[in-house]
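A short write-up of the structure that comes next.
The values are calculated or read from the model by the stated rules, or taken from the named source; none is laboratory data. On a predicted model such as this, the values are computed, not experimentally measured, just so you know. No Cβ is skipped: glycine too gets one built from the backbone with ideal geometry, and neighbour counts run over all protein chains shown. The accessibility values were calculated without ligands, DNA or RNA, using every heavy atom of the protein model including side chains. Shrake-Rupley method; radii C 1.70, N 1.55, O 1.52, S 1.80 Å.
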Amino acid sequence: MAARSLSCLLSRSLSSSSGAAASLLRSPLGRKSEGLRNTSRFSTAAAVEELITPQVSINYTQHLINGKFVDAASGKTFPTYDPRTGEVIAQVAEGDAEDINRAVSAAREAFDNGPWPKMTAYERSRILLRFADLVEKHNDEIAALESWNNGKLYDQAAKTEVPMFVRLFRYYAGWADKIHGMTVPADGDYHVQTLHEPIGVAGQIIPWNFPILMFAWKVGPALACGNTIVLKTSEQTPLTALIVAKLLHEAGLPPGVLNIVSGYGPIAGAPLASHMDVDKLAFTGSTDTGKTVLQLAARSNLKTVTLELGGKSPFIICEDADVDKAVESAHFALFFNQGQCCCAGSRTFVHERIYDEFLEKAKARALRRVVGDPFKKGVEQGPQIDSKQFEKVLRYIKSGIDSNATLECGGGRLGSKGFFVQPTVFSNVQDDMLIATDEIFGPVQSILKFRDIDEVIRRANATRYGLAAGVFTKNLSTANTLMRALRAGTVWINCFDVFDAAIPFGGYKMSGNGREKGIYSLNNYLQVKAVVSPLKNPAWL
């Protein structure tokens, strides 16, 4: 499958109607949605507050351990919320160390004595393919639940993220029977071969901003390699992992191979990271939490760890850029998913010769951005995930104002309930301001001015992060210079957020280590064993 740009997919999805989606959600998207498209200054409070009730059932709220849904050992539950209103939509089993122990024990038994690692790679592949087919059939239901629990656009979930999930599992199903070692020539009469073996029990901790996709990024390669898993979901978004895990067992996954515990980081995540019977740990989240996870892993059994952490990605717009296209691309790079994206282009560097024109058009584009119920057609931006993130974004906006950056638009709350933030644009941003150094994780665009390529390279790299970068230019030499000079795991040229199952993703510096997706991700879940045996009178060496 060709690499797909989320921006292209979303623009198509927002301009087209979906009969299946309309049927699923039973939503009256007539004149009201057309009015939203014509809103000139964000959205109105009424547009935020007149909400559609998603017609989807929440059937799975317990832990999944050894193939069965079970209550927490303590019997405790915790609430999960609708970010549009702040109201509780379900009570979910609250995991702790005892639940982690039960899950790890099930995963260890499934790995040591169960059929999954001993199954032929082809049969593992067939199970993953059956699973992908089942998810595809339940696309709209899963997307509605993802949007309800996370606040992201329904069309984004239904037309981009769930299909990407399906593609990722089909991709890893294809890899399952192509993992093999090598024969190695050695000096002397020896036969040398390498075996690529599953690593064992993998602990995985996923974030709340892309719950369903992060499930696929972690679980897909681990299963393809023959491992067993204990997955801890984010406390903000525990619901979709449970429904897709149910489908995975319907596809034929043996009990104990995938176990899911819901709960809070310090109570459930820390025991998983420090567990002595977990062989490998994968974490996606903030850099500060990533440090804690790495310390816990090191202090326990030195389990291998891969980390996909935060970012403060530069988006560099050169003087020869098509300004209108650059404005739209930079807008998407920052505001996509409510700005809650680790690789968001959150430092927009614009060449001084086109700065003023770009700024006026970027401001106008932000003012046209439609904020409202993510289930409604024409809406471009939903709420932030919860009150904590909402308040964090507003604090950073205040910091920008206090630092004498120019607030061009936005800067406040939208509506009277839920966690909606106005699309915000700052100009005259300086490199040492918090809005230019810290990961805000919200709809706040900081626009900075630069003079030449050497200057922007130095400033773009002057950050503890190195997850991604964007470059907008018509000059091939300029693009080549920047793509090599920027210290980032991904560099997008004249595009942004182009993802594909085969394209690796990960960071430099404090944006993490290891790579997700593509062939590189398989290395995270394999051990390499060298086997050496003597040869007697070999015909050849």
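Here are a few things to note about the model shown:
- Region 499-541 - Rg and Dmax from Cα coordinates, angstrom: 18.3, 53
- For V444, the accessible surface of its heavy atoms amounts to roughly 0 Å² (probe 1.4 Å, protein chains only, rounded to the nearest 10).
- Volume per residue of the C-alpha convex hull in the chain, rounded to whole Å³: 157
- Shape category assigned to region 126-230 from the gyration tensor of Cα positions, a/c cut at 1.5: prolate
- Under 14 Å from a label point set 7 Å out along the Cα-to-Cβ vector of R299, the amide N atoms of region 239-274 belong to 266-267, 270-274.
- FRET efficiency for N475 and A364, using Cβ-Cβ distance with R0 set to 22 Å, rounded to 0.05: 0.25
- Percent carbon-and-sulfur accessible area, the chain, ignoring ligands, DNA and RNA, probe 1.4 Å: 52
- Count Lys and Arg as plus one, Asp and Glu as minus one, and take only other residues whose Cβ is under 12 Å from that of V293; the net charge is then +2.
- Descending by average beta-carbon neighbour count within 10 Å, the peptides 263-270, 310-317, 278-285 line up as 310-317, 278-285, 263-270, the highest first.
- Rolling a 1.4 Å probe over the protein heavy atoms gives the chain an accessible area of 39 Å² per residue.
- Restraint check, K118/K218; K152/K517; K159/K291; K218/K392; K218/K529, Cα-Cα greater than 30 Å: K159/K291
- Net charge of Cβ neighbours under 11 Å - reference V201; Lys, Arg +1; Asp, Glu -1: -1
- Per-residue packing, averaged as other Cβ atoms within 10 Å, sorts the ranges 105-113, 224-232, 172-180, 398-406 into the order 224-232, 105-113, 172-180, 398-406, beginning with the highest.
- Axis angle, to the nearest 10 degrees, between helix 287-300 and the longest C-alpha principal axis of the chain: 20 degrees.
- Taking a straight Cα-Cα cut-off under 17 Å and skipping sequence neighbours fewer than 8 places away in the same chain, the aspartates and glutamates within cross-link reach of K303 are E197, D277, D279.
- Between the Cα long axis of helix 97-113 and the first principal axis of the chain there is an angle of about 50°, rounded to the nearest 10.
- Computed over region 312-399, relative contact order equals 29 percent, with contacts defined as Cα pairs under 8 Å that lie 6+ residues apart.
- Full-extension gain in nm, S403 to E87, via 0.36 nm per residue minus C-alpha separation: 110.3 nm
- Order by protection proxy (mean Cβ within 10 Å, highest first), peptides 120-126, 483-489: 483-489, 120-126
- Rounded to the nearest 10 degrees, the inclination of helix 121-137 to the longest alpha-carbon principal axis of the chain is 30 degrees.
- When only Cα pairs below 8 angstrom with a gap of at least 6 residues are kept, the chain shows a relative contact order of 20 percent.
- Loop-located chymotrypsin sites (Phe, Trp or Tyr not before Pro) in region 322-410 (DSSP state other than H, G, I, E, B) with a sparse environment of at most 14 neighbouring Cβ atoms within 10 Å are absent.
- Exposure ranking of T478, T240 by accessible area [1.4 Å probe, largest first]: T478, T240
- DSSP beta bridges fully contained in the chain are about 45 percent antiparallel.
- Value of [θ]222 nm, deg cm²/dmol, for the chain, DSSP H segments ≥ 4, -39500 (n - 2.57) each, nearest 500: -11000 deg cm²/dmol
- Cα centroid separation, region 258-337 to region 81-127 (Å): 20
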